[in-house]
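What follows is calculated from the coordinates using simple rules that are stated; it is not laboratory data. All figures in this text were calculated on a predicted structure; none of them were measured in a lab. All Cβ positions, even for glycine, are placed from backbone atoms using ideal geometry, and neighbour counts span all protein chains on display.
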Amino acid sequence: MSSEFWIIQTFNGLSYGALLFLLASGLSLIFGVMRVVNLAHGSYFMLGGYVGLSVVWRTGSFAAAVLAGAVAIGLIGIGMERLFLRRLPGQTLGQVLMTIGFALIFQDLALLIWGGDPYSIPVPRFLQGAVKAGALSFPAYRIFIIVVAVVVAALLWLALDQTRAGARIRAAVDDGEMAQGVGINVPVLSQAVFALGACLAAAGGVIGGAFLGVYPGADFEVLPYAFVVVIVGGLGSLPGAMVGSLLVGLLDNFGKALFPELSYFTLFAPMALILALRPTGLFGRA
Amino acid sequence: MMRRPGVLVGVAVVVVAAAAVAPWLPSYPLTLLTQAMIVAILAMSLDVLLGFTGLPSLGHAAYFGVAAYAVAILTTERQSGFVLCLIAGVVFAAVAAALFGLIAIRATGTYFLMITLALGMVVWGLAFRWVSLTKGDNGISGVPRPDLGLPWSFWGPLPFFYLSLVCALVALALLALIVASPFGMSLKGIRESESRMRILGYNVWLHKYLAFVIAGTFAGFSGVLWAYYNGFVSPVDVQLVTSVEALLMVALGGQGTLLGPAVGAALIVFLKNFVSVYTKRWLLILGAVYIGVILFAPRGLAGAFHRRSS
């Protein structure tokens, strides 16, 4: 194994981890604030990709695609939370079955609207090509994904750590009942967090659609990754989602490159190990 | 449940009626009934965990799948007989549950759900990627019907239906004995209040762990039959959607009743097969069923029935 192999694989793992962060940070916040197990979160990723695809076909604008995907899926998220999930507070099994019901419906609707062929969202021109460093070359688009994830992470951290709304969210994560008791409107907060999570996943779907593709089944393919990130990092923890995403991105990439037959095992086995040592994840609190 | 004679008589009537009518049924409904029997074992096994212990597993298809793969590999690679395959399938499933249980039982609530999901994905990942053993996405085809050394062949739909019926009854009887035993009562106690049971001196971890292994073992029993029934095993059998479907069957029939999940399993099997005959949009309908069950029958059919009778 040459050093180029390690550098390139690490880079690929980092960029995949960056994409996972977009997907999983929202899921983690939703878990944290609402304790909702949302099995439709992968569907937001897939639907975002499809909406983005249609917008790119019409307008040719990548930025418009990301925006449209995020807004459209954010609205779907609001509808799901407000009309359905809110009726099932604390009913974990009910939430699981209901969200998987939505995931199946979304899957079939996507098949109905966009058909079964795989598509790829075209990469905007200024992000095509590669950045060369000596003998190595790094695709510009993957660098872009890392930059986006870092910016989103910084914004989320600022919002959670430095603003009043962020303080309220942290309070709701720690103890929803108490937060409600001291006058924080937790239902409104939940709605906002749910919408934000759906937006982020959909934006991830558009951005990821340019290098993973947009295809039927993408929803259930990314869902376990998002779950592993959240489990490893800990429920409702932003630093947890960051570390978890990078860890999962790297493990998955090296697993696939080094042990192709055991690649999922190399992802889930370390997760099991972490859980055996820390049942609430790396950064989670019981 | 089994203590009420009415239920026992009802089960007996239904079983005798099914066994008597079966020879006159065309082969399509007969295979659906067979499928319903096999899947009912899976749903009942999950009910031990979900309904009686209060542990919602999102990875129950793993144990079903481990056993199904064991049978598929043993029959196609080594031409092993039924008894060996049955034992191997059930033992592999039990061992997988015993290993995964060590990790999963530590967690509670949402974490339990997510950990079982991830552990289920481990099995799915191996089925999907360990191509030299599992043939990956193509799956393993050509699993023969079992040969029990009996005068009739299980290639025919009728003998195989009777075999599945007997197996489902055996599973029902064993599981009913388990949940009605003092051990089963303790499980219910844990479901109602874990802390109270702990204070009373019960080893809560061990009870939950044993329930987990028992559920996995019976899921393996179902998986063995499934491999023989379907003749084909693929990653679809261990995927997340299969695990969730088992949860739906339990929720639809009524948690903590054993018979309810069996009925739920039969309903979902029939629904899936009938709807997919008439429309390509059956996923849409199945999705709507999930949402409808939760909104309108949160305690399942058994719950709705009880409300009416009381």
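B:Ser276 versus B:Asn203, label points 7 Å from Cα toward the beta carbon: distance in nm?
In this crude label model, B:Ser276 to B:Asn203 measures out at 4.4 nm.
Let me know the Rg and Dmax you get for segment A:125-271 when you use only its Cα atoms, in Å.
Cα-based Rg and Dmax for segment A:125-271 come out at 18.1, 60 Å.
When the helices in chain A are scored as -39500 (n - 2.57) per DSSP H run of 4 or longer and the sum is shared across all residues, what 222 nm value do you end up with, to the nearest 500 deg cm²/dmol?
Using -39500 (n - 2.57) per qualifying helix, the result is -25500 deg cm²/dmol.
Modelling each spin label as a point 7 Å along the Cα-to-Cβ direction, I'd like the B:Glu77/A:Ala135 distance in nm, to one decimal.
That separation, rounded to one decimal, is 4.0 nm.
Tally Lys and Arg at +1 and Asp and Glu at -1 over the other residues with C-beta under 14 Å from the C-beta of A:Ala133: what net charge comes out?
With Lys, Arg at +1 and Asp, Glu at -1, the net is +1.
If you split all Cα-Cα distances of segment A:73-203 into 5 Å bins from zero, what percentages do you get per bin, shortest first?
2, 8, 11, 15, 15, 14, 12, 10, 7, 4, 2, 0, 0
What are the extents of the Cα atoms of chain B along their three principal axes, in Å, largest first?
Reported extents, whole Å, longest axis first: 54, 45, 41.
Quick check on the exposure proxy: order B:His207, A:His41 from fewest to most C-beta atoms within 10 angstrom.
Least crowded to most crowded, the residues run B:His207, A:His41.
Estimate the FRET efficiency between B:Leu148 and A:Arg86 by the formula 1/(1 + (r/R0)^6), using the beta-carbon distance for r and 41 Å for R0, to the nearest 0.05.
Calculated transfer efficiency: 0.15.
Within 10 Å of each residue's Cβ, count the other Cβ atoms and sort B:Ser164, B:Ser80, A:Ser3 from fewest upward.
Lowest to highest Cβ neighbour count: A:Ser3, B:Ser80, B:Ser164.
May I have the pair-distance distribution P(r) for segment B:196-310, computed from all Cα-Cα distances with 10 Å bins from 0 and rounded to whole percent?
All Cα pairs, binned at 10 Å, distribute as 12, 33, 34, 17, 4, 1 percent.
Going by amide H atoms built from the backbone, whose H comes under 5 Å of the H on A:Ala130, apart from near neighbours?
A:Ala140
Please list 3J(HN,Hα) in residue order for segment B:16-27, calculated via the Karplus relation 6.51 cos²θ - 1.76 cosθ + 1.60 where θ = phi - 60°; whole Hz, with x for glycine and proline.
Result, ordered by residue: 5, 4, 4, 5, 6, 6, 3, x, 9, 7, x, 5 Hz.
Add +1 for every Lys or Arg and -1 for every Asp or Glu among the other residues with Cβ under 15 Å from the Cβ of A:Leu196, and state the total.
Net charge around A:Leu196: +2.
On alpha-carbon atoms, Rg over Rh for segment A:2-95 using Kirkwood Rh?
1.10
Over the protein assembly as shown, what number does the Rg to Rh ratio reach, with both radii from the alpha-carbon atoms and Rh per Kirkwood?
Answer for the protein assembly as shown: 0.98.
Rule-of-thumb check for chain A: C-alpha Rg over 2.2 N^0.38 Å?
0.99
Kirkwood Rh, segment B:1-114, all Cα pairs: how many Å?
This gives a value of 16.9 Å.
Provide the gained length on full extension for the span A:Leu155 to A:Leu277, in nm with one decimal, where the gain is 0.36 nm per separating residue minus the Cα-Cα distance.
Difference between extended and current length: 40.8 nm.
Under 21 Å between alpha carbons, and skipping anything fewer than 8 positions from A:Lys132 in its own chain: which lysines qualify?
Reachable lysines: none.
Using Cβ counts within 10 Å as a stand-in for footprinting exposure, how do B:Arg191, A:Arg278, B:Arg299, B:Arg129 rank, fewest first?
A:Arg278, B:Arg299, B:Arg191, B:Arg129
Would you mind getting the Kirkwood hydrodynamic radius of segment B:187-243 from its Cα pairs, rounded to one decimal in Å?
13.6
At a 10 angstrom cut-off on C-beta neighbours, averaged per residue, how do the peptides B:19-25, B:72-78 rank from highest to lowest?
In descending order of packing, they fall as B:72-78, B:19-25.
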